[in-house]
Structures are given as C-alpha cells and as structure tokens.
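Enquirer: Provided herewith is a single structure, encoded as structure tokens, for subsequent inquiry.
The values are calculated or read from the model by the stated rules, or taken from the named source; none is laboratory data. As the structure is a computational prediction, the values presented were derived from the model and not from experiment. Positions of Cβ are backbone-derived with ideal geometry, glycine not excepted, and every protein chain shown enters the neighbour counts. For the accessible areas, the whole protein counts, side chains as well, though only heavy atoms, and no ligand, DNA or RNA atoms are used. Shrake-Rupley method; radii C 1.70, N 1.55, O 1.52, S 1.80 Å.
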Amino acid sequence: MGVTVHTRVNGQPIEREIEARQLLVYFLRDELGLTGTHVGCDTSQCGACTVWLDGRAVKSCTVLAAQVDEHEVTTVEGLAETVPEAQRIEGLHPVQAGFWEKHGLQCGFCTPGMMMTAAELLANSERLSQQEIREALEGNICRCTGYQDIVDAVAFAAEKMGVSVERDVTASI
Amino acid sequence: MPTLFGTPVRRKEDPRLITGHGNYTDDIRLPDLLYAAILRSPYAHARIRSIDVGKARALPGVVAVFTGADIAGKVAPIPTGWIVPEADQKLPPHPALAQEKVRYVGDGVAMVVAESRAVAEDALEQIEADYEPLTPVVDAEQAIAPSAPLVHEDVPNNVVLHWQAGSDVATAQQAFASAEVAVHRRFKNQRLVPNAMEPRASVAQYNPGSGELTLWTTSQNPHIVRLLLSGVIGVPEQKLRVVAPDVGGGFGSKIPFYPEEALVSFAAMQLGRPVKWTETRSENFLATTHGRDQIQDVVLYGTKDGKIVGVEANILANMGAYLSTAAPGVPTILFGLILPGAYAIPHVRIDVKGVLTNTTPIEAYRGAGRPEATFIIERLVDEYAHEIDMDPVEVRRKNFIPADAFPYNTSTGLTYDSGNYELTLRKALDAVDYTQLRQRQEKLRKQGHLIGIGTCSYVEICGLGPSKVAGAVGFQGGLWESAIVRVHPSGKVNVYVGVSPHGQGEETTFAQIVADTVGVPIEDVSIVHGDTAAIPMGWGTYGSRTTPVGGSALALAAQKVADKAKRLAAHLLEASPDDVVMQDGLFQVKGVPQAQATFQQVALAAYTAWDLPEGEEPGLEASSFYDPPNFVYPFGTHLCVVEIDRETGNVHILRYVAVDDCGRVINPMIVEGQVHGGIVQGIGQALWEGAVYDDQGQLLSGSMMDYALPKASFFPRFEVYRTETPAPFNPLGVKGIGETGTIASTPTVVNAVLDALRPLGIEDLEMPLTPQRIWQALQQHGGDRS
Ligand code: FES
Ligand code: FES
C-alpha cells in the first residue's frame with residue numbers, strides 16, 4: 001500500500017510515494033541516499049539511527065516514514081546547518097568539531113546518532129554536569145570508545161555553544 | 001617540521017565519519033541490486049525432514065530461493081583456519097546452509113533473494129521447513145558426558161580438540177604435590193556476544209563476461225576472506241576482489257570467514273545481479289560468533305610466604321556447533337602460553353578440551369584467550385594472598401619477573417621481550433595513595449560501607465607474530481605484513497597496507513610515521529586499506545598486530561623511499577647524498593644554502609626520468625614485507641575501587657586507574673581511546689554481560705534488551721597513565737594496545753568486588769556480578785544490613 005509523504009529533510013523539500021510500512025531510517029537511507037544515519041539494532045536500543053524530527057532527537061528505526069508527513073527531519077548530513085555560520089568550526093557543528101578534536105569516535109558507526117542526541121541536548125541546556133551528559137546518552141550505545149572521549153567531545157561543544165559544564169571530580173575515597 | 005611521532009594528531013578518518021560520509025558495507029548501492037535474507041533454524045538440534053520453498057518462490061518480487069540441497073557440491077563447506085598440532089583436532093564440516101541437520105539456533109537453512117529487503121523478509125515466512133527435533137547439548141560439561149548427544153556424529157564425546165602444554169609433567173607434578181599452599185578454584189568465564197555496533201553485511205557483484213567477482217564485506221581481514229572464498233566458491237583468486245570498506249567495529253567477530261559471504265557470492269553468480277545481505281541485530285546475536293565460554297578448574301601452588309610455585313589449569317572450552325576460522329587457536333595457543341602472566345612461575349600445566357555444543361560458534365573476542373588466562377592468574381593471586389594473609393599487591397611484587405631479566409623465557413616456552421612490571425604497579429598505587437586508601441577502606445568498613453579495592457598486573461602476548469611460530473602452532477597462514485609507499489609525481493603520497501583497521505585509527509598513525517620518515521606534511525599522505533585489488537597481501541587486523549607488524553612494514557618501506565628521494569635530490573643538486581639533508585620538505589646541500597630542491601621537484605624528476613643517476617630506476621615508491629622476529633608483550637597494572645550498595649547489590653565504580661605500557665607511543669590520544677574502550681568492554685564482562693541459553697539451546701539473551709551492554713552513565717572518569725618500555729624487536733619500538741584494557745579490567749573489577757564482600761564471608765561469585773547475584777549473596781551472608 002502506497003502513501004505520499006511531503007517533508008523537509010535537511011531543509012530540502014521532499015515528496016515521495018512510499019510503502020506505508022517503511023521505516024523512516026530506510027526512507028532516509030534507501031530512498032534519499034542519506035546513509036549517515038545507521039541501523040544498529042531492531043529493538044530501539046542502540047541509537048545509531050537517531051535523527052531530529054522537528055528539532056527533537058528520535059530513533060528513526062521507530063518512526064514510520066509516513067509519520068514525518070508535513071514535518072521536518074534533520075540528519076547528520078544537515079547537522080552543521082542547524083547552527084548559525086558564526087558558531088561553526090571549520091564548517092562543522094561544534095559537536096562534530098568536538099568529536100574530532102577529542103577523539104569521540106573510533107569505528108564511527110554509533111557517531112552520527114550519538115552526535116544528534118548530543119546536539120539536541122546542548123541546544124536545550126544552559127548548564128550540565130558530566131554525569132548529566134552521560135545520562136543524556138543513555139539511549140546511545142558505543143562499543144568502541146568507552147564513552148569518556150565522547151563526554152569530553154560534548155563538553156568541548158558545550159563550551160563553544162555557551163553551555164557551562166561542571167568539571168568531573170574524582171571520588172573522595 | 002616537528003616530528004609527529006608521539007603527538008596527539010587529530011584523526012584523518014574523522015571528517016568523513018562525522019559528516020555522514022563514511023562508506024560502510026550496507027551503505028553500498030549498486031544498480032539492479034537484490035537483497036538476500038536467511039532463514040535460520042529455530043531448533044538447536046534437529047534433523048531437517050523437508051523444506052518447501054514453493055510459496056516463497058511464488059511471492060511477487062522474489063527472485064530465487066536456495067536451500068542446502070541447492071548449494072551442495074557448488075558451495076564447499078566453510079573451512080577452519082587453525083589446526084592446532086598434537087591436539088587430535090577434528091574438522092567437522094560446516095556447510096554454508098545446513099544439509100540434513102541443524103546444529104544451533106541460527107544455523108542457516110535457506111536463503112531468499114528478492115527485489116527488496118522487505119520482500120525477502122516476507123518470503124522467509126512463506127518457507128515451510130519441517131524438523132525432527134533432537135536432544136540438544138548446550139553446556140560443555142554435559143557435552144562430554146558419555147551419554148551426551150553428538151553435535152557431529154564423527155566427533156566422539158564432542159571433544160573436537162585436546163591440547164596439553166606447559167613445563168615438564170613429572171617435575172611439575174612433584175612440585176605441585178609438595179607445595180605448602182594450594183588454592184583451588186572453579187571459574188566460569190562466561191560466554192559473551194561481541195556486539196560490534198555495525199551488524200555484518202556483504203554485497204557481491206559478478207561480471208559474467210570476465211568471470212570477476214567483487215565482494216564488499218564487513219571483515220577485519222579481506223585477504224583471508226579472498227583466499228577462503230576462492231576455495232569455497234571456485235572463483236580463482238586473481239578474479240576475486242574483496243573489499244572491507246569502513247567497518248563499524250569487529251572485536252574478533254569479523255575475523256571469521258562466514259557462510260553468508262559465500263552465499264551472496266554464489267547468488268550473484270547464479271543470478272547475474274548484485275546481491276546484498278545485511279544482518280539484523282537479532283541475527284547478529286545468533287549467527288555472528290560469540291566469545292570466551294570456558295569452565296576453568298584451576299590451582300595455584302605456593303609457599304606460605306608468598307612465592308608462587310606453580311599453576312595448573314584444566315579447561316573445558318565451549319567451541320559452539322562448528323569450528324570458526326581462528327577459533328581453535330583461542331583457548332589453546334592464545335590462552336595457555338600466557339597463563340603465568342607477569343610472574344616467574346617455574347611450573348605450569350595446562351589441559352584444554354575444546355568441546356562442541358549446540359550453540360553459536362565461538363571465535364576470538366577482544367583479547368581472545370588472554371583475558372581468560374589473565375582472569376585465572378589474577379584472581380588466583382588475590383585468593384592466594386588472602387589465604388596466606390598477605391596484601392595481594394605484595395604477592396604480585398614478590399613474584400614479578402624482574403625488570404633486569406628480559407628477554408625472559410617463560411616455563412610455557414615464550415620469550416617476553418621487555419618489561420618493567422613493578423613500575424606500573426608502583427605508579428598505580430601512587431595514583432591512589434594505596435596505603436592510605438587501605439586505611440580509609442578500613443575506617444569506612446567499620447562504618448558499614450562495603451568498599452573494595454582490586455588490582456591486576458597483566459602481561460599480554462600480541463603483535464601476532466612471527467610466521468614461523470604461526471606455522472609451528474598450526475595457524476594456516478602467515479603473520480607478516482606488507483606495505484607500499486608510493487609517491488606521486490606531484491609529491492603527494494599514497495600508502496597501501498595489508499592490515500585492515502576498523503576504528504583503531506591507523507589512517508592517522510600510519511600517516512604520522514610516513515610523514516616523519518619521508519619528510520612530507522601529514523596532509524599529503526593518504527592510507528589505503530581494505531581493498532585486495534589495491535593493497536598488497538596482508539593478514540589483517542586482530543591480535544593487536546596492526547601497528548607493531550603493519551606499522552613496521554610501513555616504516556621500512558617509507559625509509560626506502562626517503563633514501564631514494566635523497567639520492568635523486570643529491571643528483572639534482574650535483575652533490576653527494578651524504579651531503580644532502582632534508583628539512584621542512586626541502587633538500588639542501590650542507591654548507592651551500594642556495595642549493596635546494598623541494599620534495600615535489602624530486603618526485604617529479606623521479607617520474608619524468610629525464611636525468612636519473614646511473615643505475616637508478618624511474619619512479620618513487622617502495623614496498624616492504626616485514627615478518628617480526630618475536631611477538632610483543634605489553635603490560636600494566638589496573639586498580640579499581642568499588643562500593644557495593646547493600647540494599648540493591650549494585651556495584652558503584654568509584655575510581656578506576658589504568659597504567660599501561662605499550663612501548664613507544666605514536667599517538668597518545670588514540671592509545672588512550674583504545675584503553676578506555678577496552679576497560680569498558682572488560683568491565684562489561686565483569687559486571688553485566690553474559691549470553692544465556694536455556695537447556696533447549698534457545699538464546700535467552702538474544703537482544704539488546706536482554707543482553708546488558710555498558711552505557712555511558714555506568715562509569716566514572718578513568719585515570720589513565722603510561723610507562724614507556726620500548727619494544728626491542730621491531731623498528732618502531734611499539735607494542736599493541738587494542739586489547740589490554742579488556743584483559744586487565746575484568747579481573748581488576750572482580751577482585752575489587754570480592755575484596756568488598758570478603759568481610760561477609762563471600763569468597764567467590766560467578767560473573768557477571770549483577771546486582772541480583774550480589775544481592776542474593778548479601779542475603780545469604782547477612783550482608784544486606786550494615
Ligand atoms: S537502529 Fe534505531 S535504536 Fe538501534
Ligand atoms: S565508535 Fe564504534 S561504536 Fe562508537
């Protein structure tokens with residue numbers, strides 16, 4: 001059964017005839033060729049597929065493509081454009097720049113989803129503790145980095161975006 | 001130019017990966033692409049009565065359905081790549097699709113090829129497979145019982161290999177018998193699911209005109225895939241191209257040559273259209289290899305005053321239903337020989353039975369054998385210390401191989417290259433002010449807190465390895481590496497390597513080496529890996545060998561290029577090569593400041609070849625094959641402080657200190673990243689992860705909902721330190737660092753938890769130390785009240 005979807009993806013108007021059962025992540029990857037958004041699981045656990053729907057981070061493996069009709073989708077390919085040019089670093093969103101600077105990625109497979117979650121967090125925060133950053137990444141699994149450099153990457157970006165981050169303290173034992 | 005060796009250069013691979021422009025196997029799109037899906041056995045052990053694919057075939061959009069019968073004689077069984085000598089190893093056949101019998105839940109039964117992924121999956125549901133269930137055997141101990149069902153009829157007692165090693169049996173037995181103290185334990189090193197974040201995928205494309213086949217696949221070792229694939233589907237090696245593009249983590253689970261790689265290749269040839277298969281995470285849990293899974297009956301023998309006399313290990317290693325590519329080497333060679341760890345232990349005896357069961361095949365998983373061995377010795381040292389009432393740290397110190405004893409020959413026949421074990425221990429203790437920490441622990445205990453301190457001093461064998469040794473231990477390949485450094489006429493450089501990094505950052509560290517050696521900016525160097533049509537032969541990325549072995553090959557090739565460039569520059573400048581120096585990309589003649597040639601000018605001159613020195617060939621490139629004379633042996637000490645919540649049994653990691661020595665460091669940022677990742681994976685085994693089967697062979701922990709992967713919020717900030725003892729046997733002085741964290745952190749954390757619980761009389765607990773398991777132990781020992 002086919003349905004028509006009108007949406008904006010990374011600012012571009014899109015109109016497509018699709019199968020009603022198609023998931024957003026496959027719509028992005030297979031129909032639009034936006035392969036930066038990854039599929040890491042089939043139980044909505046890993047977060048590799050995270051994109052923004054009207055500015056909120058969602059797992060695109062858990063959303064039907066038909067549901068984005070008349071809504072706006074942002075993927076990693078369009079992440080840099082979500083901040084004003086003056087805030088970009090070497091053309092990148094501060095979160096992307098942070099991941100590069102702080103070695104927030106190894107194999108890179110979790111990275112787009114991880115960055116979409118982190119960028120949403122920073123867009124909606126004024127101050128954060130390191131533990132709050134860690135907790136905000138609850139829905140994103142990384143098997144490579146051990147997370148520490150991801151936390152540092154997000155803290156790096158926070159600073160560039162005017163979000164203050166409390167420093168980590170070693171447990172007082 | 002400042003040298004790049006030793007500096008935290010930002011990674012060259014990152015710009016594409018952070019902008020969504022990576023190229024993972026499932027990202028590959030080809031015209032006319034078909035999609036494959038695999039029907040998998042729901043039974044752990046069953047005879048296939050019949051498979052009716054009629055309905056599936058009739059479904060619109062389905063192009064073909066293949067069963068075991070369809071591929072028999074056309075796709076050869078999947079081979080094993082390691083035949084351990086003197087181990088009576090059997091080689092049970094592993095058909096790419098089950099023929100007659102299925103042997104584990106997830107065993108492939110049929111393959112559908114369709115116009116879309118969705119149709120292929122729909123068609124799976126239309127296949128009617130009729131099975132006659134047989135009694136399965138899941139547990140290794142039950143599998144060797146005389147009455148146990150046989151996984152493969154021609155492997156008696158399900159024992160697929162039996163390997164023994166160590167020092168002289170008679171003297172060892174004598175020493176064991178007369179030891180003052182004997183600490184007996186039974187450890188279960190539980191089965192783990194690697195869970196690389198990228199599921200496996202393969203895409204095959206065949207050109208019927210030329211007979212050439214290209215396979216893109218999620219592999220850590222594309223050349224091994226090419227060699228094995230050639231044998232399995234009968235396409236000669238020179239017409240096979242295997243490409244491992246960006247690979248999203250592997251941890252050992254992307255070493256094996258898998259049935260699906262043969263199946264999509266076969267289908268692409270049969271159908272004349274490209275075919276892609278991408279596994280779901282659920283399939284990944286069932287049909288991608290698992291790791292660990294040993295039952296370990298072990299004894300440490302020692303004196304009352306803390307000197308270890310010997311170690312004895314009787315191991316049942318669950319191998320799963322088939323022998324995966326490198327699997328036989330994991331519980332034997334990679335496990336047994338390193339059992340003495342960082343200590344001078346005169347007598348060691350190891351007995352390993354590899355056992356077939358109706359479970360997913362086991363393969364290397366980050367550390368592969370070495371975590372299982374390190375767990376034994378490091379847990380036993382703690383238990384021994386407790387038994388003789390000595391601080392575990394003191395026992396370690398007393399038994400360390402001293403820093404002046406290297407190279408050191410172990411009682412298991414290895415030659416440790418270099419080390420200063422005591423130094424890493426001291427550094428870890430200093431980081432936490434150990435003496436005071438123990439005092440504070442005492443005080444907090446009195447206040448009712450369950451505080452534990454655990455340490456582990458490990459040594460790892462990696463940088464696999466001399467090919468001669470590979471042959472002697474039954475690895476069916478070499479373990480050297482090769483590289484080509486090719487300067488283009490414009491002076492830009494491509495480097496082609498046989499190793500196949502997939503997250504470890506060698507596009508950067510290798511470029512650092514080449515930029516330093518050749519004298520060009522790092523921006524001008526690009527590393528090419530993973531494509532057998534472009535790169536020289538190599539054995540791949542595993543066993544922390546990429547930098548020690550592949551990096552050494554590359555350093556030697558780069559030096560040849562640098563030497564030739566200098567000769568050409570000298571010729572251009574009409575000087576003797578001895579008088580020419582290279583600085584900041586410029587060749588200069590000593591004492592003649594105006595005599596200069598840029599690197600680009602020299603490169604161009606090499607290619608135009610209008611005026612070359614006598615006897616010099618045109619072009620500017622060099623290749624090198626490097627076979628290391630020994631393995632490398634990184635080492636270190638990890639320390640962890642935990643507090644256990646009496647009410648929930650939850651383990652809070654308060655501090656985690658890692659002191660590692662991987663020889664010289666090319667990029668400290670990347671090294672630290674490897675350490676962090678390793679620590680988290682090892683703690684995953686200690687506290688949360690475990691593959692659980694029911695007695696019918698159903699994997700109960702078959703999704704990310706049931707299998708607890710570590711999350712960011714579970715950890716404090718790790719305190720990471722290094723010492724630097726250069727590797728004496730390779731030109732770079734480097735050792736491996738990819739697996740040390742995993743090797744060290746599991747026993748470190750378990751030791752810490754048991755240290756916290758010991759005052760309550762809790763002596764041992766099986767991993768993973770989940771809140772539930774700890775809470776139950778607390779209940780039994782009255783420890784739920786302070
Ligand atoms: S693919 Fe969406 S959460 Fe894993
Ligand atoms: S970088 Fe590999 S999974 Fe996160």
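Enquirer: Please report, as a whole percent, how much of the solvent-accessible surface of segment A:3-78 comes from carbon and sulfur atoms (probe radius 1.4 Å). Numbers along the way, then the final one.
Expert: Details: 1430 of 3070 Å².
The computed percentage sits at 46.
Enquirer: Of the peptides B:405-417, A:55-67, how do they stack up when ordered by the mean number of other Cβ atoms within 10 Å, highest first?
Expert: On the way: B:405-417: 17.1, A:55-67: 19.4.
Put in order of decreasing packing, that is A:55-67, B:405-417.
Enquirer: Can I ask one more? In whole Hz and in residue order, list the ³J(HN,Hα) couplings for segment B:730-746 that follow from phi through the Karplus curve 6.51 cos²θ - 1.76 cosθ + 1.60, θ = phi - 60°; x for Gly and Pro.
Expert: Values, residue by residue: 10, x, 8, x, 9, 10, x, 9, x, 10, 4, x, 5, 5, 7, 6, 4 Hz.
Enquirer: What is the distance in Å between the Cα centroid of segment B:236-310 and that of segment B:629-686?
Expert: 24 Å
Enquirer: How long are the semi-axes of the ellipsoid equivalent to the protein assembly as shown, from square roots of 5 times the Cα gyration tensor eigenvalues, in whole Å, largest first? Don't skip to the end; give the middle numbers.
Expert: Values: eigenvalues 319, 278, 200 Å².
After scaling each eigenvalue by five and taking roots: 40, 37, 32 Å.
Enquirer: For segment B:138-222, report the % of Cα-Cα distances exceeding 21 Å.
Expert: I get 69 percent for the Cα pairs in segment B:138-222 exceeding 21 Å.
Enquirer: Output the 0 to 90 degree angle, nearest 10, between the alpha-carbon long axis of helix A:148-160 and the longest principal axis computed from the alpha carbons of chain A.
Expert: That helix lies at roughly 90 degrees to the long axis.
Enquirer: Also: Report the local net charge at B:SER703: Lys and Arg +1, Asp and Glu -1, summed over other residues whose C-beta lies under 10 Å from its C-beta. Please report the intermediate quantities before stating the final value.
Expert: Details: positive: B:ARG281; negative: A:ASP42, B:ASP706.
Here the charged neighbours net out to -1.
Enquirer: Can you run the Rg to Rh ratio on segment B:1-142? Use alpha carbon positions and the Kirkwood inverse-distance Rh. Can you show the working numbers first?
Expert: Values: Rg = 21.9 Å, Rh = 18.9 Å.
My calculation puts Rg/Rh at 1.16.
Enquirer: Please give me the summed charge of the neighbours of A:MET116: other residues whose Cβ is under 12 Å from its Cβ, Lys and Arg +1, Asp and Glu -1. Each step should come with its number before you reach the end.
Expert: Details: positive: A:ARG56, A:LYS59; negative: A:GLU77, A:GLU120.
Here the charged neighbours net out to 0.
Enquirer: Heavy atoms only, probe 1.4 Å: what % of the accessible area of segment A:80-166 goes to carbon and sulfur, would you let me know?
Expert: Values: 1260 of 2910 Å².
Using a 1.4 Å probe with all protein chains present, segment A:80-166 comes out at 43 percent carbon and sulfur.
Enquirer: Step through the residues of segment B:706-714 one at a time and calculate ³J(HN,Hα) from phi using the Karplus curve (6.51 cos²θ - 1.76 cosθ + 1.60, θ = phi - 60°), rounding each to whole Hz and writing x for Gly and Pro.
Expert: The phi angles translate into 10, 10, 7, 8, x, 10, 4, 6, 7 Hz.
Enquirer: Would you work out if segment B:467-542 is rounded, prolate or oblate? Take a ≥ b ≥ c from the square roots of the eigenvalues of the alpha-carbon gyration tensor; rounded if a/c is under 1.5, else prolate when a/b is larger than b/c, oblate otherwise.
Expert: Details: a/c = 2.39, a/b = 2.23, b/c = 1.07.
Judged from the Cα gyration tensor, segment B:467-542 comes out prolate (a/c at least 1.5, a/b above b/c).
Enquirer: Give me the one-decimal nm value for the distance between modelled label points at B:LEU91 and B:ASP130, 7 Å along each residue's Cα-to-Cβ direction.
Expert: For B:LEU91 paired with B:ASP130, the spin-label model returns 3.6 nm.
Enquirer: Distance between Cα centroids, segment B:762-786 to segment B:58-90: provide it in whole Å.
Expert: After rounding, the separation between the Cα centres reads 46 Å.
Enquirer: Could you tell me the center-to-center distance, by alpha carbons, between segment B:443-460 and segment A:75-97 in angstrom?
Expert: 45 Å
Enquirer: Now for a separate question. Residues of the protein assembly as shown: accessible area per residue at 1.4 Å, in Å²?
Expert: Working: 32980 Å² over 959 residues.
Per-residue value: 34 Å².
Enquirer: Assuming 0.890 mPa s and 25 °C, estimate D for segment B:129-177 with Stokes-Einstein, Rh taken as the Kirkwood radius over Cα pairs, in µm²/s. Display every interim value, and only then the final one.
Expert: Numbers: Rh = 13.9 Å.
The estimated diffusion coefficient comes to 177 µm²/s.
Enquirer: When the accessible area of each residue in segment B:1-37 is compared between its chain alone and the complete protein assembly (1.4 Å probe; ligands, DNA and RNA ignored), which residues differ by at least 30 Å², being lower in the assembly?
Expert: B:ARG10, B:ARG11, B:ASP14, B:LEU17, B:ILE18, B:THR19, B:GLY20, B:TYR24, B:ASP27, B:ARG29
Enquirer: Right, here's the next one. Once you place label points 7 Å from the Cα toward the Cβ at A:GLU90 and B:ASN207, how far apart are they in nm?
Expert: Between A:GLU90 and B:ASN207, the simple spin-label model gives 3.7 nm.
Enquirer: In whole Hz, with x marking every Gly and Pro, tabulate ³J(HN,Hα) for segment A:21-27 from phi via Karplus 6.51 cos²θ - 1.76 cosθ + 1.60, θ = phi - 60°.
Expert: Ordered by residue, 3J(HN,Hα) equals 8, 5, 7, 4, 4, 6, 4 Hz.
Enquirer: Still on this structure: Quick one: compute a quarter of the convex hull surface over the Cα atoms of chain B and quote it in nm².
Expert: Working: hull surface 145.2 nm².
Dividing the Cα hull surface by four gives the mean projection, 36.3 nm².
Enquirer: Ballpark to the nearest 100 Å², how much total accessible area do A and B bury together, probe 1.4 Å? Numbers along the way, then the final one.
Expert: Working: alone 9430 and 28560 Å², together 32980 Å².
Its buried surface, counting both partners, is about 5000 Å².
Enquirer: Still on this model: Can you give me the pair-distance distribution of segment A:80-166, C-alpha pairs, 5 Å bins, whole percents?
Expert: 3, 16, 30, 27, 16, 6, 0
Enquirer: Based on the Kirkwood radius over alpha-carbon pairs, what is the Stokes-Einstein translational diffusion coefficient of segment B:480-626 at 10 °C with 1.306 mPa s viscosity, in µm²/s? Walk me through the intermediate numbers first.
Expert: Numbers: Rh = 15.5 Å.
After rounding, the answer is 102 µm²/s.
Enquirer: Provide the net charge surrounding B:ASN158, with neighbours chosen by a C-beta distance below 15 Å and charges set as Lys +1, Arg +1, Asp -1, Glu -1.
Expert: Here the count lands on -2.
Enquirer: Test of understanding: what is the full-extension gain from B:ASP154 to B:GLN583, defined as 0.36 nm times their sequence separation minus their Cα-Cα distance? Spell out each step's value before the answer.
Expert: Numbers: separation 429, 0.36 × 429 = 154.44 nm, distance 6.68 nm.
Using 0.36 nm per residue and subtracting the Cα-Cα distance, I get 147.8 nm.
Enquirer: For segment A:1-64, what value does the Rg/Rh ratio take when both radii are computed over Cα atoms and Rh is the Kirkwood radius, given to two decimals? Before the final figure, lay out each step's value.
Expert: Working: Rg = 11.4 Å, Rh = 12.1 Å.
Using only Cα positions, Rg/Rh for segment A:1-64 is 0.94.
Enquirer: Rounded to the nearest percent, how much of the accessible area of segment B:480-626 (1.4 Å probe, protein heavy atoms only) is carbon and sulfur?
Expert: Values: 2850 of 5530 Å².
Here carbon and sulfur together make up 52 percent of the probe-accessible area.
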